[in-house]
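Novice: Mind having a look at this structure? Questions to follow.
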Amino acid sequence: MILHSFRSVALAGLAFCVLMMAVALGLEHIGGLEPCPLCIFQRVAVIAAGVVFAIAAIHSPAGRVGKAIYGLLALMAVGTGAFIAGRHVWLQSLPADEVPSCGPGLEYMMDILPMQEVVAMVLTGSGECAEIDFVLLGLSLPAWTFIGFAVLAIVPLRMLFFKHRG
């Protein structure tokens with residue numbers, strides 16, 4: 001697939017988001033891996049990027065400003081996901097005696113706390129997020145997710161910095 005049009009670039013980004021979510025859901029429902037709060041936040045970032053890519057593909061603006069807006073929105077979602085995945089990798093790299101204690105579950109926190117506090121607590125991390133349940137080629141699942149976000153960042157950067165035919 002040659003990515004010369006704005007729509008084809010946005011659809012490629014959407015397809016990559018769908019692939020990332022398919023892997024995550026497959027590992028959860030087929031592989032039995034329960035997502036921790038940081039994993040769930042990474043999924044939200046993938047879905048947010050996918051929504052931006054889908055809307056960008058449908059709209060396919062002709063003007064440079066519209067393309068830049070979609071590129072920036074997608075880059076914000078992808079960058080947020082990369083930040084969260086990087087934080088997750090860092091948390092997993094801590095020595096056992098420096099890992100934060102396990103906190104309450106995400107669902108419980110969302111029921112009793114304002115969203116701002118939930119986000120702050122999740123990004124601080126907990127012991128459950130430091131566990132490494134899956135390794136492929138020497139890298140944990142959050143490391144692979146970080147790589148996925150790095151690859152996905154090519155799409156909004158292409159939306160921002162390359163000329164398109166349509």
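Novice: Condition test on Phe6, is it surrounded by 15 or more Cβ atoms within 10 Å (Cβ to Cβ) and over 23 Å from Trp144 (Cβ atoms)?
Specialist: Taking the combined requirement at face value, the residue satisfies it.
Each row is one residue, and each column tells you yes or no for (1) at pLDDT 70 or above; (2) buried (at least 18 other Cβ atoms within 10 Å of the Cβ); (3) touching a helix residue (DSSP H, G or I) at 6+ places or on another chain (Cβ under 9 Å).
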{"position": "Leu75", "(1), (2), (3)": "yes, yes, yes"}
{"position": "Tyr108", "(1), (2), (3)": "no, no, no"}
{"position": "Ser126", "(1), (2), (3)": "no, yes, yes"}
{"position": "Phe134", "(1), (2), (3)": "yes, no, yes"}
{"position": "Leu137", "(1), (2), (3)": "yes, no, yes"}
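Novice: Here is a follow-up. Could you say whether any residue in the range 54-66 is within 25 Å of Ile132 (Cβ to Cβ) and either out of contact with any His (no Cβ under 9 Å at 6 or more places or on another chain) or touching a residue at least 12 places away in the same chain (Cβ under 8 Å) (or both)?
Specialist: No, there is no match, as no residue in the range 54-66 is within 25 Å of Ile132 (Cβ to Cβ) and either out of contact with any His (no Cβ under 9 Å at 6 or more places or on another chain) or touching a residue at least 12 places away in the same chain (Cβ under 8 Å) (or both).
Novice: Find the residue count for the range 1-48, including only residues that are part of a helix (DSSP H, G or I) and acidic (Asp, Glu). Steps first, answer last, please.
Specialist: As a first pass, look at the range 1-48 and keep what is part of a helix (DSSP H, G or I): 6-29, 37-48.
Retained after the next criterion (residues that are acidic (Asp, Glu)): 28.
Residues in the range 1-48 being part of a helix (DSSP H, G or I) and acidic (Asp, Glu): 1 in total.
Novice: Let me ask something additional. Considering each of Ala57, Ala96 in turn, give the residue that is over 17 Å from the mean Cα position of the chain (by Cα) and surrounded by 15 or more Cβ atoms within 10 Å (Cβ to Cβ). Write out each step before concluding.
Specialist: Working: Ala96 fails: surrounded by 15 or more Cβ atoms within 10 Å (Cβ to Cβ).
None of the other options fit; the residue is Ala57.
Novice: Regarding Ile69, is this residue without any contact (Cβ under 8 Å) to a residue 60 or more places away in the chain, among the hydrophobic types (A, V, I, L, M, F, W, C) and either over 19 Å from Leu157 (Cβ atoms) or crowded, with 19+ Cβ neighbours inside 10 Å (or both)?
Specialist: Considered against the rule, which asks whether it is without any contact (Cβ under 8 Å) to a residue 60 or more places away in the chain, among the hydrophobic types (A, V, I, L, M, F, W, C) and either over 19 Å from Leu157 (Cβ atoms) or crowded, with 19+ Cβ neighbours inside 10 Å (or both), Ile69 comes out as no.
The values are calculated or read from the model by the stated rules, or taken from the named source; none is laboratory data. Values in this document were obtained by computation on a predicted structure and should not be read as measured data. Here Cβ is always computed from backbone atoms with ideal geometry, including for glycine, and neighbour counts include all displayed protein chains.
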